[in-house]
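Bear in mind these aren't lab numbers, they're just calculated from the coordinates by the rules spelled out. These numbers come from a predicted model, not from an experiment. Reconstructed Cβ throughout: ideal geometry from the backbone, glycine too, with neighbour counts over all protein chains shown.
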């Protein structure tokens, strides 16, 4: 299989962490794609131009990190990242949506600051900065939820990859006022799969 990524994408980092957790390094070739360039050869592979993108052994392509992670998780017949049973499944969905909401907003913010300065939208940047502040306040209260403290799951990986974007956004300062969240992030960041995929230049605590 081939996984097309960009090295700066937190969505790609989620999938790369799952590959390491599942021990699939020998089955998945990771290829850095050229995106956001006119006439990139990658667009002939994935017309949407988005990453991550997994080409299965049968040649079929899968887009979106959640779908790719679900596929890779069941590949060996021993899923580790499925939903818990009963009502906890709704809690898992709620927490994953909350983590993904933070990630989505930070990704929009990150893409905007990569644009030429004269093309950036101050209104959009301010909107996403304020959204991240509100969501980090929520996560400071939610981070002791049993699903965020138990066995590794996709909610935890998604949140860790979202918060890790502090390494790529010099104006993202989520740690002050969030001691529980900061401690959780530093602890989970020591896990080999997340340490190996961490963005370079993570700021000190």
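Oblate is the label for the chain. Its Cα gyration tensor axes, ordered a ≥ b ≥ c, give a/c of at least 1.5 and b/c at or above a/b. The packing ranking of peptides 48-56, 60-68, highest mean first, is 48-56, 60-68, where packing means the average number of other beta carbon atoms within 10 angstrom of each residue.
As a proxy for reagent exposure, 155, 148 were ordered by neighbouring Cβ count within 10 angstrom, fewest first; the result is 148, 155. In the chain, the calculated helix contribution to ellipticity at 222 nm averages -15500 deg cm²/dmol per residue, counting -39,500 (n - 2.57) for every DSSP H run with n ≥ 4. Answer rounded, prolate or oblate for the stretch 88-197, using the Cα gyration tensor with square roots of eigenvalues a ≥ b ≥ c: rounded when a/c is under 1.5, else prolate when a/b is larger than b/c, else oblate. In terms of gyration-tensor shape, prolate. Comparing Cα centroids, the stretch 86-159 and the stretch 8-78 end up 21 angstrom apart.
With the simple spin-label model, which puts each label point 7 Å out from Cα in the Cβ direction, the residue 124 to residue 104 separation comes to 1.6 nm.
When 96, 117, 133 are arranged by Cβ crowding within 10 Å, least crowded first, meaning fewest neighbours, the order is 117, 133, 96. Take the alpha carbon gyration tensor of the stretch 2-74, find the square roots of its eigenvalues, order them as a ≥ b ≥ c, and report rounded if a/c is under 1.5; if not, report prolate when a/b exceeds b/c, else oblate. Prolate shape, in that a/c is at least 1.5 and a/b is the bigger ratio.
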